[in-house]
1. Among the listed residues ARG380, ARG371, ARG390, identify the single one that is among the basic types (Lys, Arg) and either farther than 26 Å from GLY324 by Cα or outside any helix (DSSP H, G or I) (or both).
2. Read through the list (1) closer than 30 Å to PRO450 by Cα; (2) in contact with a Pro (Cβ under 6 Å, 6 or more places away or on another chain), then give the number of the only condition that PHE224 fails.
3. Tell me which helices (runs of 4 or more DSSP H) are completely within segment 205-319 and hold 3 or more residues being surrounded by fewer than 17 Cβ atoms within 10 Å (Cβ to Cβ), or say none if there are none.
4. Within segment 431-449, count every residue that is of a type outside the set (Lys, Arg), over 16 Å from PRO123 (Cβ atoms) and assigned to a helix (DSSP H, G or I).
5. Specify which of the listed residues (SER163, SER156, SER171, SER184) is among the polar types (S, T, N, Q) and either not in a helix (DSSP H, G or I) or not assigned by TED's automatic domain parsing to the domain that holds ALA407 (or both).
6. Does LEU160 fit the bill of being out of contact with any helix residue (DSSP H, G or I) (no Cβ under 8 Å at 6 or more places or on another chain) and either farther than 30 Å from THR98 by Cα or buried (at least 21 other Cβ atoms within 10 Å of the Cβ) (or both)?
7. Is it fair to say ARG134 is under 19 Å from the mean Cα position of the chain (by Cα) and exposed (fewer than 15 other Cβ atoms within 10 Å of the Cβ)?
8. Against the condition closer than 20 Å to PHE426 by Cα and modelled with pLDDT of 90 or more, how does LEU101 come out, does it pass?
Amino acid sequence: MDWTLIIVVGVAAIVGVAALSTRLGLAAPLSLVVVGALLGFVPGIPILTAPPELILAGVLPPLLYASAVNTPAQDFRRNLRTISSLAVVLVVLTTLATGWLVHLLLPEVGWPAAFALGAVVSPTDAVAATSVGRRLGLPSRLLTILEGEGLVNDASALVLLRSATAAIAVSVSLWEVAGDFLRSVVIACLVGWLVGELNVRIRSHLTESVQNTAISFVVPFVAFLPAEHFEASGVLAVVVAGLVTGHASPRHLPAQSRVTEATNWRTVSFLLESSIFFLMGLSLHTLVEEVNASHDATLGLVRTVAYGLLVTVLVVGARLAFIGPLVAIMRATDQRASELVPLIDERMESLSTLEASERIAPRRMEQVRRRFTRKATDARAHANQTMGWRGGTVLGWAGMRGAITVAAAQTLGDVPHRPQLVLIAFVVSLATLLAIGLTLPPLIRAVHVPPDDPLALRQELTDLLDELIDSADAELDRIEREEHPDPAVLDRLRSDSLLRTRLRLARSQGGATDPDPDEESDEESADVEAPLVSRREEYLRLRLDIIAALRTTVLEARDLGRYSSRALTQAGRMLDLEETRLTALDE
């Protein structure tokens with residue numbers, strides 16, 4: 001077997017199917033699974049299989065890390081209660097319900113193996129749902145919940161799977177399972193936080209973006225392996241490490257390294273995601289052959305598929321039943337948040353009175369003010385992004401399973417009807433991908449989920465960029481006062497900084513989401529040529545100082561939650577592009 005040819009053809013096929021899916025308006029994972037399944041039954045096509053351990057320990061960690069790094073910690077924190085409900089409570093309930101159904105259908109399997117299969121089919125895969133949601137303009141809060149659920153539910157499901165698998169060999173009590181789950185979560189969070197902090201601190205000393213990116217490729221496994229060694233959730237450790245890294249990297253890592261890293265990780269994530277869905281489709285032929293080869297008279301292929309469809313109905317129905325009360329709780333929480341806003345504003349006014357009376361130390365006053373500011377912005381965010389029945393309908397229906405379900409099912413040990421159980425898991429994944437993947441876009445259009453208000457985003461950008469202009473003025477005044485630069489350089493710095501910030505503001509208000517790279521490059525060249533050649537290094541250095549001051553302003557606004565993550569991300573991207581170009585000119 002020529003592996004080089006297989007890799008070349010495989011990558012070409014993946015890119016071709018993904019590109020065609022985009023043109024047809026289909027989710028790429030759905031198309032890849034279908035194409036893979038069809039190819040698997042073509043005579044002469046080599047059937048490629050990946051060991052389940054390779055998928056769960058080699059592919060899943062980098063995929064989750066890449067997604068976690070790009071998840072705004074502010075949005076994740078604000079929706080943590082909802083995400084935890086879906087990723088933990090719903091996973092546990094789905095595991096129990098599915099285990100009961102499987103044991104009812106196949107009592108000879110035993111309760112532990114039945115619950116193991118329940119844990120396998122309980123986590124959702126958010127890749128297809130979020131890709132469709134972004135294309136159709138779902139609100140950012142709904143996308144955050146779907147992405148956050150996808151980040152965490154694999155961890156909770158795999159912990160339950162490990163406990164159920166252990167119970168196949170020895171008796172395990174419910175309290176032991178609960179204690180193991182809690183211990184796994186605590187250790188995983190500690191390991192993930194430590195790895196995330198060390199990752200950023202160590203990489204902050206690397207100046208080469210290539211070296212920085214190379215280190216980032218091993219970070220998921222640095223978090224995964226120690227957590228697994230301590231019998232905790234390696235997957236959850238990876239997610240925490242990614243969230244910590246994504247939150248801290250703008251403060252510690254140079255822009256060029258972050259831009260390069262993001263580009264490379266997008267490519268890696270695309271190839272890994274596409275590959276596992278393609279391999280999932282290819283595995284169907286092998287699974288069917290294993291069921292036929294088992295010669296199980298009581299559980300043939302047709303009955304196995306029928307049982308898989310019954311389990312599919314159960315897991316989808318369980319999610320829909322769970323979403324109703326969850327949305328009601330979310331609406332009540334949002335209502336309480338809207339009622340809290342005026343109360344918090346009153347507290348803020350009373351703080352101003354206390355500050356004037358000098359009864360509280362300035363440092364303590366600043367801490368209290370920051371805490372109340374954060375509470376106020378969180379309350380406003382919940383009040384302005386209420387989850388209604390339309391969003392709840394989409395959230396309930398977006399319960400697709402993916403390749404991780406199939407890989408996890410293949411880790412089941414020597415249990416009765418093992419080939420049939422694996423095929424049942426595959427049927428659940430394929431049925432949800434097909435049924436939900438094809439009906440989710442028309443459902444989103446039918447219920448008319450209100451998108452984020454573009455006018456509100458533009459107003460946020462206006463306010464944020466006004467702050468940046470003020471910060472640029474303050475930094476220029478500091479430079480003039482403390483560093484005494486050449487007057488020509490200072491004049492050029494002042495005009496460039498204000499002009500370019502206003503230019504970006506005009507673009508944002510006009511609807512553009514990002515600066516034009518070619519136009520930006522031309523402006524940069526003109527900016528640098530304007531001062532005297534002998535002052536070029538001074539000019540570039542001071543421009544970078546101004547960008548650093550502006551980034552501090554953006555990060556301060558982020559820490560207080562004063563703006564949405566979309567506005568903050570857009571402003572941060574503008575600063576990153578400018579810093580990257582200036583750094584390149586300075587080399």
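The values are calculated or read from the model by the stated rules, or taken from the named source; none is laboratory data. Since the model is a prediction, treat every value here as computed from it, not as a measurement. Reconstructed Cβ throughout: ideal geometry from the backbone, glycine too, with neighbour counts over all protein chains shown.
1. ARG371
2. (1)
3. Numbers: elements: 209-229, 234-252, 255-293.
Of the helices (runs of 4 or more DSSP H) lying wholly inside segment 205-319, those with at least 3 residues that are surrounded by fewer than 17 Cβ atoms within 10 Å (Cβ to Cβ) span 209-229, 255-293.
4. Step one: filter segment 431-449 for residues of a type outside the set (Lys, Arg), giving 431-444, 446-449.
Next, from what is left, pick out any that are over 16 Å from PRO123 (Cβ atoms): 434-435, 437-444, 446-449.
So of that shortlist, the ones also assigned to a helix (DSSP H, G or I) come out as 434-435, 437-444, 446-447.
The number of residues fulfilling the criteria is 12.
5. On the way: SER163 fails: either not in a helix (DSSP H, G or I) or not assigned by TED's automatic domain parsing to the domain that holds ALA407 (or both); SER156 fails: either not in a helix (DSSP H, G or I) or not assigned by TED's automatic domain parsing to the domain that holds ALA407 (or both); SER184 fails: either not in a helix (DSSP H, G or I) or not assigned by TED's automatic domain parsing to the domain that holds ALA407 (or both).
One residue alone meets the criteria, SER171.
6. Numbers: out of contact with any helix residue (DSSP H, G or I) (no Cβ under 8 Å at 6 or more places or on another chain): no; either farther than 30 Å from THR98 by Cα or buried (at least 21 other Cβ atoms within 10 Å of the Cβ) (or both): yes.
No; evaluated as a whole, the condition is false for this residue.
7. Numbers: under 19 Å from the mean Cα position of the chain (by Cα): yes; exposed (fewer than 15 other Cβ atoms within 10 Å of the Cβ): yes.
Taking the combined requirement at face value, the residue satisfies it.
8. On the way: closer than 20 Å to PHE426 by Cα: yes; modelled with pLDDT of 90 or more: yes.
Answer is yes for this residue.
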